[in-house]
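**Q** This structure is in structure tokens; I'll ask about it shortly.
Bear in mind that the values in this text are calculations on the coordinates, not laboratory data. Treat the numbers as computed from the prediction; the structure is a model and nothing was measured. Ideal geometry is used to build each Cβ from the backbone, glycine not excepted, and the neighbour counts take in all protein chains shown.
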Amino acid sequence: MLKNLETAGNGLTDNRREGFRLKYRLTDAFKCALSVFFFRHPSMPDFQLKMKDKFKRSNLETMTGVKEIPGNVRTTALLDGIGPESANSVFNENPHTVDAWGSLNDFRCLDGGVLMAPDGVWYFSSQQVHCDYCLHKTTKDGVTACFHSALAATIVRPGKTAVLPVAPEMIINTDGGEKQGCEPNAAKRRLKKHADEYKRLPAALLGNDLFSNYPFCKEVLEHGYSFIFTCKEDSRPRLTETVKNSYLKEISRREWNGRHRLTYTYTG
């Protein structure tokens, strides 16, 4: 998986001054950014530099193959001008790598398919710094925060703590107008971009009530996915009424999880 990351980093266009001696590689900046999550340390590059000064080696060198460690500020400067879509190939290739090692079978369920859970996440917020792609939110106190958001998605399985991230989609104001981007629109773009890449899994999408509408469900099926979406009674009154007036039977199933006796109730 690190090799996939390095391949993507080596394929990036380096816009730094030609002929100038470049000490840090974009690939190394990629790996340093990943290491923040892998090692779970908020200032990993600076911490690794201190480790190298003391022990002459660091985890970034021995475990991830970083040649020259840029500090936090340098890592940010190297990556700021790179579009998030540049790393999509890493997310798309990783499931193939996991499958080649046989570990994708650990995620399979529901007739051999996988469950893919998309959800929105903020990854930047500021009241001073903003750009043309920022979304914005104003609180009741009149304070406006500009933020960046993405529709992140992971392959999951009930009872399994490990997850496998897949390519995200940025939530942005694509039309350049006042209307803000949203999770459903980002989900539609993601379906079109990556349907062929994940069709072989096959995948069932898990989602909240935002995705529970006929146009999106129809599009999900057309792209070869299936879906399990939450449907709230107050937001889908007609569907709720149809289910209540149907001839579906209520079924209960009891299960012992080792600590408690659970009762699951559903209609079918």
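**Q** Quick one: order Phe55, Phe39 by neighbouring beta-carbon count within 10 Å, fewest to most.
**A** Numbers: Phe55 8, Phe39 14.
Arranged by neighbour count, lowest to highest, Phe55, Phe39 become Phe55, Phe39.
**Q** Moving to a separate point now. How much length is gained if the chain between Thr97 and Thr230 is pulled fully straight, taking 0.36 nm per residue apart and subtracting their Cα-Cα distance, in nm to one decimal?
**A** Answer, rounded to one decimal: 44.7 nm.
**Q** Can you list the trypsin sites (Lys or Arg not before Pro) in the range 51-81 that are in a DSSP coil and have 13 or fewer other beta carbons within 10 angstrom?
**A** Lys56, Arg57, Lys67
**Q** Suppose each label sits 7 Å from its Cα in the direction of the beta carbon; what would the Lys67-Gln127 distance come out to in nanometres?
**A** 4.5 nm
**Q** Also, I was wondering about something else. Give me the percent relative contact order of the range 1-159, please, defined on Cα pairs under 8 angstrom at least 6 residues apart.
**A** Working: 169 pairs, mean separation 30.5, N = 159.
With pairs under 8 Å counted, the relative contact order is 19 percent.
**Q** Would you mind ranking Cys131, Cys32, Cys182 by Cβ crowding within 10 Å, fewest neighbours first?
**A** Cys131, Cys182, Cys32
**Q** Going down the table (Lys3/Lys193; Lys3/Lys52; Lys140/Lys232; Lys23/Lys193), which pairs top 29 Å between alpha carbons?
**A** As for pairs spanning more than 29 Å Cα to Cα, those are Lys23/Lys193.
**Q** For the chain, what's the relative contact order in percent, using C-alpha pairs closer than 8 Å and at least 6 residues apart? Spell out each step's value before the answer.
**A** On the way: 349 pairs, mean separation 31.6, N = 268.
Here the relative contact order equals 12 percent.
**Q** On to the next question. Using modelled amide H (1.01 Å from N, peptide plane; none on Pro or chain starts), what sits under 5 Å from the amide H of Phe227, excluding residues fewer than 5 places away?
**A** Close amide H contacts, sequence-distant or interchain: Leu205.
**Q** Computed FRET efficiency, Cβ-Cβ of Glu241 and Asp14, R0 51 Å: what is it to the nearest 0.05?
**A** FRET efficiency, Glu241 to Asp14: 0.30.
**Q** 5 Å is the cut-off here: which amide hydrogens, built 1.01 Å from N in the peptide plane, fall below it relative to Val163, excluding neighbours closer than 5 in sequence?
**A** Amide H neighbours of Val163, under 5 Å, 5+ apart: none.
**Q** Quick check on the exposure proxy: order His136, His194, His260 from fewest to most C-beta atoms within 10 angstrom.
**A** By the 10 Å Cβ count, ascending, the order reads His260, His136, His194.
**Q** Per the helix-only calculation at 222 nm, which mean residue ellipticity applies to the chain, given -39500 (n - 2.57) for every DSSP H run of n ≥ 4 and division by its residues, nearest 500 deg cm²/dmol?
**A** Computed ellipticity for the chain at 222 nm equals -10500 deg cm²/dmol.
**Q** For helix 44-55, report the angle its Cα long axis makes with the longest principal axis of the Cα atoms of the chain; keep it between 0 and 90° and round to the nearest 10°.
**A** Its long axis makes an angle of about 40 degrees.
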